[in-house]
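The values are calculated or read from the model by the stated rules, or taken from the named source; none is laboratory data. Only a predicted model underlies this, so the values are computations on that prediction, with no experimental measurement involved. Every residue, glycine among them, receives a Cβ derived from its backbone with ideal geometry; neighbour counts consider all protein chains shown. Accessible surface is based on the protein model in full, side chains and every heavy atom, while ligands, DNA and RNA are left aside. Shrake-Rupley method; radii C 1.70, N 1.55, O 1.52, S 1.80 Å.
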Amino acid sequence: MTGVNEYTEPFARFYDAQLHDTTVGDETYYREAAADADGPVLEGACGTGRLYLELLRAGVDADGFDASPAMLDRLEAKADADGLHPSVWVGDLRTPGADREYELVVVPYNSLVALTTVDDQLAALAAAHELLRPGGRLLFDVYVPRPSVVAESFGEWRETTVTTADGETLRGLTRTTVDDTVAQTYRAERELLDDDGNAVASETYVNAHLPPQQVELLARASPFGDWTAAGGFEGQPLADDAEIQVWELEKTEPTTSHTSSYTPK
């Protein structure tokens, strides 16, 4: 099956350390949306709990799932240390595996780019729609693909050094290259080295660029009846200078017309 990034245990440790005490910029948006929801909340691709544990700390009735058992192991260890009681399981965006309805489903931090085909992308939207109560909402964000970023950064190895919760030093090397020009997919190669330069693990994933027009077409083809898009977490317009697109899809009866979220020049 395509569209599943199953981080192994070494990369789960690295990812968790990389985002520890890091402000991504989406925290307030998703936390407030979850706190305002009149019912349970589900986070898809919840990873090691960067956002999910914040929802529990805020008293939100929240479930979560992720394709990586190793990521969930890190989440549960942190929850246990903080006296929290998570409700999480292994699942992916196309087949979440939830057994109740939700008022809100959130899929933060570019997680939808792991779905590389239209069928998988539509399957994820349909799965979220099925889990929502009438009037419930799906919130997600994905970056705006920018040619300048591709031209300047693709093909170059980039290094990040982190210290894990266990005091281990890991050097992460990442190189992004074009996978399929027509399909607009890209390949991310990742290597982990220990403090002595020894290889710890390596993984390769293929992800998809999702420009706003494609996301809007997916929304139109989905079961959702209404949607809006913004160019940031504070409701900025999805204009030419936007670096992120924030989507809200609502489970309502389909309307006969929609205003385009983004009009090209």
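Worth a mention:
- Cα centre as origin, Lys/Arg/Asp/Glu Cβ charges: the chain dipole, Debye: 580
- Label-to-label distance, nm, for residues given as E253 and V24 (7 Å Cα→Cβ offset): 3.7
- Modelled label positions at D119 and D226, each set 7 Å beyond Cα in the direction of Cβ, lie 3.4 nm from each other.
- Student exercise, region 146-265 dipole from Lys, Arg, Asp, Glu Cβ charges, in Debye to nearest 20: 520
- Residue-by-residue Karplus 3J(HN,Hα) for region 99-114, coefficients 6.51, -1.76, 1.60, Hz, glycine and proline x: 10, 8, 8, 10, 7, 8, 10, 10, 9, x, 6, 6, 5, 5, 5, 6
- The distance from the alpha carbon centre of region 167-227 to that of region 67-124 is 17 Å, rounded to a whole number.
- Dipole of the chain computed with +1 at Lys/Arg Cβ and -1 at Asp/Glu Cβ about the Cα centre; of L138, T161, A34, farthest Cα towards the positive end is L138.
- Fraction of accessible area attributable to carbon and sulfur, region 111-265 (%, probe 1.4 Å): 48
- Burial order of peptide ranges 197-208, 86-97 (average beta-carbon count within 10 Å, highest first): 86-97, 197-208
- Size of electric dipole in region 3-110: Cβ of Lys, Arg +1 and of Asp, Glu -1, about Cα centre, debye, nearest 20: 260
- The chain - mean residue ellipticity at 222 nm from DSSP helices (-39,500 (n - 2.57) per run, n ≥ 4, rounded to 500): -8000 deg cm²/dmol
- Contour excess over end-to-end distance, with Cα ends at D82 and D38 and 0.36 nm allotted per residue: 13.3 nm
- Among A229, L84, A201 the positive-end extreme of the charge dipole of the chain (Cβ point charges): A229
- Extension gain from D194 to Y143, taking 0.36 nm per residue of separation minus the Cα-Cα distance: 15.3 nm
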